[in-house]
1. Please go through the stretch 189-224 and pick out each residue that is part of a loop (DSSP other than H, G, I, E, B) and under 26 Å from residue 260 (Cβ atoms).
2. Applying the selection to the stretch 235-250, what residues are more than 15 Å from the chain's Cα centre (by Cα) and not in a loop (DSSP other than H, G, I, E, B)?
3. Just to be sure I understand the filter: pairs with C-beta atoms under 7 Å, separated by 6 or more residues or on different chains, first member in the stretch 34-52 and without any contact (Cβ under 8 Å) to a residue 60 or more places away in the chain and at negative phi, second member loosely packed, with under 12 Cβ neighbours inside 10 Å and not in a helix (DSSP H, G or I). Which pairs pass?
4. In the stretch 79-91, what residues are touching a residue at least 60 places away in the same chain (Cβ under 8 Å) and buried (at least 24 other Cβ atoms within 10 Å of the Cβ)?
5. Is it the case that the stretch 204-219 has a residue that's in contact with a strand residue (DSSP E or B) (Cβ under 6 Å, 6 or more places away or on another chain) and surrounded by fewer than 17 Cβ atoms within 10 Å (Cβ to Cβ)?
6. Of the residues 154, 117, only one is farther than 17 Å from residue 212 by Cα and over 18 Å from the mean Cα position of the chain (by Cα); which?
């Protein structure tokens, strides 16, 4: 892949290096999810423990991204106790979407340079680039520096960044341990495949739909300044993140779906935390400003 860079006072196309470790890791997860998971289910079968833990970890890791990485850290939509932040950092790490330090820097750059060449998942490059292919290319370090600076100051974010690999591994070891305690080695393998590998694959691709689907198809009731779209369908699998056009118009709002009837479990969780004193300073756009923005 090429990116236009300023070189020696002019603009020149620069080839970005391919990230082979990330590619092989994603390929391993994909093969495991579409081959190993169904084969195990066909020949051996999954237990109620496997399915229950898969749903629970999908919810936990998904919320770790939507509420933790996205609304709490990247956009500072609310504040919370440190133990709540740590819980979101661990759950977000289980999604295998990079450390919060890297994820948030990419996301802030996406908002700052949306639809431009510096946008990491620029939808103008097509569905597959914004959905997945952007992950496999390393951007020049100078594109990251100013976006990473604010997150480098947070000791908890940097703690998670240092221990990201053990956190990821714990998210895979946990379902194996639960399955093993329930029914031995075979049950442990089944729980690892369904609630570990399969769940990671589903969380990754549902999140990727926000970068791709929600910049290509849907409505633009709140802003036409960029390619962001609202998609209630995507919200069903991303805990409310599909109201992406509203989010681009009012990125500090802790709600992505501002109306009471919008399916946005992430905002309900944040509001629930605020009701028990675990979160505060919830940001929300004024009602008269929630319509079209040029």
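The values are calculated or read from the model by the stated rules, or taken from the named source; none is laboratory data. In this text, all values refer to a predicted model and were calculated from it rather than measured experimentally. Please note: Cβ atoms are built from the backbone with ideal geometry, for glycine as well, and neighbour counts cover all protein chains shown.
1. Across the stretch 189-224, the qualifying residues are 217, 218, 220, 221, 222, 224.
2. Start the filter on the stretch 235-250 by keeping residues that are more than 15 Å from the chain's Cα centre (by Cα), which leaves 245-246, 248-250.
Listed by number, the residues that qualify are 245, 246, 248, 249.
3. none
4. Taking the stretch 79-91 first, the residues touching a residue at least 60 places away in the same chain (Cβ under 8 Å) are 79-82, 84-86, 89-90.
Of everything in the stretch 79-91, just one residue is touching a residue at least 60 places away in the same chain (Cβ under 8 Å) and buried (at least 24 other Cβ atoms within 10 Å of the Cβ), namely 89.
5. Checked the stretch 204-219: at least one residue is in contact with a strand residue (DSSP E or B) (Cβ under 6 Å, 6 or more places away or on another chain) and surrounded by fewer than 17 Cβ atoms within 10 Å (Cβ to Cβ).
6. 154
To keep it simple, each residue is scored yes or no on (1) buried (at least 19 other Cβ atoms within 10 Å of the Cβ); (2) in contact with a strand residue (DSSP E or B) (Cβ under 7 Å, 6 or more places away or on another chain); (3) in contact (Cβ under 8 Å) with a residue 12 or more places away in the chain.
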{"position": "77", "(1), (2), (3)": "yes, no, yes"}
{"position": "97", "(1), (2), (3)": "yes, no, yes"}
{"position": "112", "(1), (2), (3)": "no, no, yes"}
{"position": "134", "(1), (2), (3)": "yes, no, yes"}
{"position": "141", "(1), (2), (3)": "no, no, no"}
{"position": "146", "(1), (2), (3)": "no, no, no"}
{"position": "169", "(1), (2), (3)": "no, no, no"}
{"position": "177", "(1), (2), (3)": "no, no, no"}
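For every residue, the table says whether it meets (1) outside any loop (DSSP other than H, G, I, E, B); (2) at pLDDT 95 or above; (3) surrounded by fewer than 17 Cβ atoms within 10 Å (Cβ to Cβ).
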site	(1), (2), (3)
252	no, yes, yes
260	no, no, yes
266	yes, yes, no
272	yes, yes, yes
282	no, yes, no
288	yes, no, yes
